[in-house]
Structure formats: C-alpha cells, structure tokens
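*Asks:* Have a look at this one before I ask anything.
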Amino acid sequence: MRKKSLMKKSLALVLVAAMAAAMAGCGGKTDSDSSTQTPANDSSSSQGESSGGSDATEGTDSAGEADAAGGETAAAGDLFGDEVDLNVMVWDRGDAAPNTTTEDNNLTKWIQQQVKEQFNINVTYTAVPRSESDDKVNIMMSGGTSPDIVFTYDQDLYYNYANSGALTDLTEVYAQYGSNIAKYCEEAQPIGLLGDARYAVMKQRGTESARHLSYIRKDWLDELGMEVPKTKAELGEYLQAVKDKNLGGSKTIPWGMSGRSDTEKGYLNFIGSYVNFETPCDEYVYNETYVVVAPGAKDGLKQLNEWYNAGLISQDFPTDTSEDVLKSDVANGSVGFILDDVTARDDQIAVLNTEIGHETFIPVQCFDLPDGSYRTPFEQRYAMFVMIPATVSEEKVVAAMKYLNWMADPEVAVNIYYTPEHEYDELGLPIDAPKEKKHEKGYPGTCDDLSIMNQNFEWVNDAALNAKSAFMNQNPQWATEEWYKSRSDVMDIGKYRYPVFSYKCEAEQMYGADIKTRMVGFVYKTICCPADQFEATYEAGYNELVNAGLQKILDGRTEYFNSQG
C-alpha cells in the first residue's frame, strides 16, 4: 500500500468541488447506494481455499459485459479512424536507459508505431514519479492538466473521482471497443462498476500471489536441531534460540524488519493471525487496512512488543524507512526470519546463498489462527483502476479505449512486458531480461509500467512450469527448482481473499487515507515502546485513531455490509 497523505484527500475534495459542476453533463454522479461488488469471500471460504464461488459470482457481471463487448465491437476496418492525439500517464521509477527518458525510449517508440499504424492514434506520455503518483494525479486532475488516461491502485481515490463526476462513463465505449479487455481481463472488471455504470477498466493481475510471505533460515534450524515451525509459539522458540546462540554473529537479528511508512507488510500477517473473524461482516469491516484494530489484534501487537523488548526484532527498524539496512542485514547473514512482500528479498537471499554456498532462507507459514488453521491473504484479481477524466473529448475517449483494448491482447502485453525483442527459454516461456540488458537495447528497467491492462498470460498460474522456468533462468543460480515450487506450495496454505465492494462509505472517503497512514505509525510505536508502557501507548494511539475518524469508518463499513442483506 502506498503512502497516503492528507494532501491527497484534501485535493480530492477540491477536485470534487471544482469539477462536479463543470462536469454535470459528462458522466454524472452515480447512485452509490446501489453500487455494489460481490464479496470475494464468504464464510464458507474463509480458511484454506480460494474464493472460487465468489469468482463465479463476479464473473456473472463481467461475462454479461463480455457478451455486450463481443456483440457490439466495432469491425476491424472501423478501428483505423481519423487522426487523434492521445496522452497517457506512465510511472517514472528513475530506471530509464542511458540517453533515454521514461517518456521517450525504444519501448515507447514501438508502442507509438504500432498504435499509429493500427488506429491512427498519436500517443505521447506524461511521466509521474511512482513514489508520489496519486498526489501528482490529484494535482493534475484538479488543475485540468491530467493525461487522457490515468491510473491508481487506490480504490478510495477512484471512488472519489467516480462519485463526483470527475471521470468519463465508459459503459458504452467499453461495450463497443473493449472486447479484448472483457475476454482476457474478465476477472478484474467487476470492481470498476458503480451501479450499472463503468468508470474504470481494470488491469488484470497475472500470477495469483499472496500479499506477503515469511522466510526462515533453514540452515539455522538444522544447526539448532529444530523443525520448521508450524505455530507462532514455535517461531518464538526459534527466535530466542537464534539470539542465544548468536547465529548471525555480533549483529544477530532474529527477526529482521524495516520501517517503511507506506506499507504494513512487515507485520500484517502476524497480527492478523490473532484475529478470528466471527462473521462475514467482520471479514469486510476489518480488511487489511483495519485488521490491526480488530478484536484479538492487540494480543498480536503485545507479542511483537515483548519480542522487540527481548531483542528478537531489529531494534532500530522504524528509522530504516528505505529498507537499506534490512537489505544489508539479510544479504550479510545477520537475519534469521523475515516477513515481507513475496519476492522482495530475493536479491539479498541470492547474494547470501552465493556467498555461503548453500540455500539459507526457505518460505514458511507458521502464523496459526486461534482455531489452528492458517490465513494467507492473496492479492485481488484486479490491479490498477485505469480511468479517463471527464474533461477528455469524445473522440479521445474512443481512442483511449482502442489503446487499452489493444494492450489487453496477450501477445501485445507480452511484447511490452518482456520487450519486443524478448527471447524464450527451453520451456517456451518468455524470458524477462535483466535491467542491464534492457538498458543496452534502450528499454526501461521496468517495462511493465507501460503495460497497464494485462498480465493474465496462459502459463502464469502453472506453479510447476513457473518453478522450472525460474530455476532455469537464474543468474546467478541461487535456489533449486524445488525451492521455487515450495514457495507456491507455502503460499497456498490458507489461501484467502478479503471481501471487496466498489462502494466506499462517506467516512472512509473523508478519513480513510489519513487513517491508513496513521495506522502504520500506531503499530510501530506500539511495538517499540517499553514493555511496561504497552497498555498506555496502545490506548493513546487507539484513541488518536478514533479521534481521526476510525470508529466512523468501522461503523460506516458495518452499516453498508449489513444493508446488503
């Protein structure tokens, strides 16, 4: 989750005031009370399985749109129209090849040539710094200077725009020109609807992946004569043994954490494992943003506080906001356990394994729930909300949908993600070249930033095939094929998706961004306070959250869920 600031919310409110009147006839305000999204889970699928039933339910709306898109799609000869200029947002990560820019490089040139030849559309790009993209989009939207296509991962931001008349209603243009999106990105599309109106098309994720994953030093477990832990209690015994034996040398860190303020990845799965959702309403109300204040979560915070004060967790982690210290500690062999994004520490583990000469960290699920089962939150099938501002002319809206629909074609998406010059491995899968090789050919290091619709390739969820491919394409070789396969197996233990709706209650629109930022600080302070001050620190921090609007949000989410019958 990216950092949310008060500026974002205030800018959104400015946007609402500035644009609602001007855009009254350009995709008016929706009836938000009727704008629902089928939950991605129900009580029968909360533990240990994916949301298969709800995926089928969500597919009903999307399939209907697919039929419409397929039945009314413009004939191929109609796609080359009058010349149109189209400006598209692109993230700037500072990884452009030498002598190129984010907006002008060999990949953008390839896209521009293809789109010009097929549709007579002249594409240009506006670069937005990735680290502050939502705030930048807000500024451009409120000032009337935004690109013709913008996007965000932030559902709150999307909802604010859509519900204020700031976005184009894409329902008809999607039905006419969105056949590839409906076909190849079907699972992702329902969340882009508000009522019967579509205000975003959704990027479809590829590989189904857990939000976060834990790793533990298997070689240290062997040295200690301990089994891979299956519970939090067993994890605690291991952490203490690592400290007692100084297995990482003079700077032994049993559990390595960082202090990034824009994500809960370092603690969320652990604290969430203390929470037992009693009802489907609980699952919705206390999603990932709010689970740390759900009943039972305080016990998880207290355990982390105890381990921190016992020296089992990185002592200065809140100051490591860039993660540089954690990266160094993992690569140097000081750390015995980490909870992070699934592949975030691969590079450091590779360095460590290469230096030591054998495998070290292995994936592990040991965060047992109160009933002894597990819950591994997975990414939703949708990724970014891809939007067209209401200020965009009708001809450009059509051009934008043609552009996005073209990008949804798997062949196009592969060429963008892996570059048009990509190679294939022995299994027939495209190879993602290292950044250095991309730069040599004038491509950005993160080509996927230009592929804003589809990662849903045929092979992405074949765990055995992907493990084999990852093993074959390692450079250097740092893990076995079995290691890669085990990562998929461990992630699948307790596979779970939180329920989602497109609707956002008024309190969440008003206070949500600020609360998300405050929540991370609340957790860090509570973990790091002296043990005898835990209760006071917790109560003070919780009251601050309530005063900032937390209870209003929880009440609003509860009221909405119950209103759905």
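*Asks:* Could you please report the charge total around N415, scoring K, R as +1 and D, E as -1 over all other residues with beta-carbon less than 11 angstrom from its beta-carbon? Kindly include the intermediate steps, with their values, before the conclusion.
*Replies:* Working: positive: none; negative: D409, E411, E421.
That sum, taken over residues with Cβ under 11 Å, equals -3.
*Asks:* Quick one: angle between helix 534-547 and the longest Cα principal axis of the chain, in degrees between 0 and 90, rounded to 10, please.
*Replies:* The answer is roughly 10 degrees.
*Asks:* Once the mean 1/r over all distinct Cα pairs of segment 188-283 is inverted, what Kirkwood radius in angstroms do you read off? Can you show the working numbers first?
*Replies:* On the way: mean 1/r = 0.0575 Å⁻¹.
Here the Kirkwood hydrodynamic radius works out to 17.4 Å.
*Asks:* Please report the equivalent ellipsoid semi-axes of segment 342-455, computed as sqrt(5 x eigenvalue) of the Cα gyration tensor, largest first, in whole Å.
*Replies:* Working: eigenvalues 249, 124, 33 Å².
Semi-axes from the Cα gyration tensor: 35, 25, 13 Å.
*Asks:* What net charge do the residues around N122 carry, taking every other residue with its C-beta under 9 Å from that of N122, with Lys and Arg at +1 and Asp and Glu at -1?
*Replies:* Numbers: positive: K116; negative: E83, D85.
After counting each charged neighbour, the total is -1.
*Asks:* Continuing with the same structure: For a 18 Å ceiling on Cα separation, which of these pairs sit above it: K302/K525; K109/K183; K109/K396; K504/K552? The partial results should precede the final answer.
*Replies:* Values: K302/K525 12 Å; K109/K183 27 Å; K109/K396 20 Å; K504/K552 12 Å.
Where the Cα-Cα span goes over 18 Å, the pairs concerned are K109/K183; K109/K396.
*Asks:* Find out how many positive minus negative residues lie around Q315, taking Lys and Arg as positive, Asp and Glu as negative, among other residues whose Cβ is under 13 Å from that of Q315. Don't jump to the answer; show the numbers that get you there.
*Replies:* Numbers: positive: K243, K251; negative: D316, D320, D329.
So the surrounding residues net to -1.
*Asks:* So what is the relative contact order for the chain, in percent, with contacts set as C-alpha pairs under 8 Å and at least six apart?
*Replies:* On the way: 1034 pairs, mean separation 144.5, N = 565.
About 26 percent, as a whole number.
*Asks:* While we're here: What is the magnitude of the charge dipole of segment 118-213 about its Cα centre, with +1 placed on the Cβ of each Lys and Arg, -1 on the Cβ of each Asp and Glu, and no other charges, expressed in debye to the nearest 20? Walk me through the numbers on the way to the answer.
*Replies:* On the way: 7 positive and 12 negative charges, 53 e Å.
Here the size comes out at about 260 debye.
*Asks:* Given the DSSP H assignment, sum -39500 (n - 2.57) over each helix run of at least 4 residues in the chain and divide by its residue total; what's the result at 222 nm in deg cm²/dmol, nearest 500? Could you put the intermediate results ahead of the total?
*Replies:* Details: 22 runs with 249 residues, N = 565.
Estimated from H runs of four or more residues: -13500 deg cm²/dmol.
*Asks:* Mind pulling the angle between the C-alpha long axis of helix 346-356 and the longest principal axis of the chain? Nearest 10 degrees, somewhere in 0 to 90.
*Replies:* Once rounded, the angle reads 40 degrees.
*Asks:* OK, next. Nothing charged except the Cβ atoms of Lys and Arg (+1) and of Asp and Glu (-1): what's the magnitude of the dipole of segment 456-516 about its Cα centre? Round to the nearest 20 debye. Could the numbers behind the result be given before it?
*Replies:* Values: 7 positive and 9 negative charges, 9 e Å.
That gives a dipole near 40 debye.
*Asks:* Cα to Cα, under 19 Å, and not fewer than 8 places away if on the same chain: which aspartates and glutamates meet these conditions relative to K435?
*Replies:* Counting by Cα, and skipping residues close in sequence, K435 has these aspartates and glutamates nearby: D92, D95, E103, D104, D346, D347, E421, E423, D425, D448, D449.
*Asks:* Along the charge dipole of segment 440-565, Cβ charges K/R +1 and D/E -1, which of G512, S486, F457 sits furthest on the positive end?
*Replies:* My answer, from the dipole projection, is F457.
*Asks:* Can you pull the Kirkwood radius for the chain, inverse mean 1/r over Cα pairs, to one decimal in Å? Intermediate values should be presented prior to the final figure.
*Replies:* Numbers: mean 1/r = 0.0402 Å⁻¹.
Roughly 24.9 Å, rounded to one decimal.
*Asks:* Enumerate by residue number the GluC sites (Glu not before Pro) in segment 244-331 meeting two conditions: DSSP loop (anything except H, G, I, E, B), and at most 12 other Cβ atoms within 10 Å of the site's Cβ. Numbers along the way, then the final one.
*Replies:* Values: sites: E264, E278, E283, E288, E306, E323; in loops: E264, E278, E288, E323.
Counting only loop positions with at most 12 other Cβ atoms within 10 Å, the GluC sites (Glu not before Pro) in segment 244-331 are E278.
*Asks:* Rounded to the nearest 10 degrees, what's the angle between the helix 297-309 long axis and the longest principal axis of the chain, both from Cα atoms, 0 to 90?
*Replies:* 50 degrees
*Asks:* Relative to the Cα centre, what is the charge dipole magnitude of the chain, using +1 at the beta carbon of each Lys and Arg, -1 at the beta carbon of each Asp and Glu, and rounding to the nearest 20 debye?
*Replies:* Values: 48 positive and 88 negative charges, 242 e Å.
Charge dipole, the chain, about its Cα centre: 1160 debye, nearest 20.
*Asks:* Which whole-number percent gives the relative contact order of segment 131-241, counting Cα pairs below 8 Å spaced six or more residues apart? Please report the intermediate quantities before stating the final value.
*Replies:* Numbers: 50 pairs, mean separation 16.6, N = 111.
Relative contact order for segment 131-241 comes out at 15 percent.
Rule-based calculations on the coordinates, nothing more; no lab input. Given the structure is predicted, the values throughout are model-derived calculations rather than measurements. Using ideal geometry, Cβ is built from the backbone for each residue, glycine included, and neighbour counts are taken over all protein chains shown.
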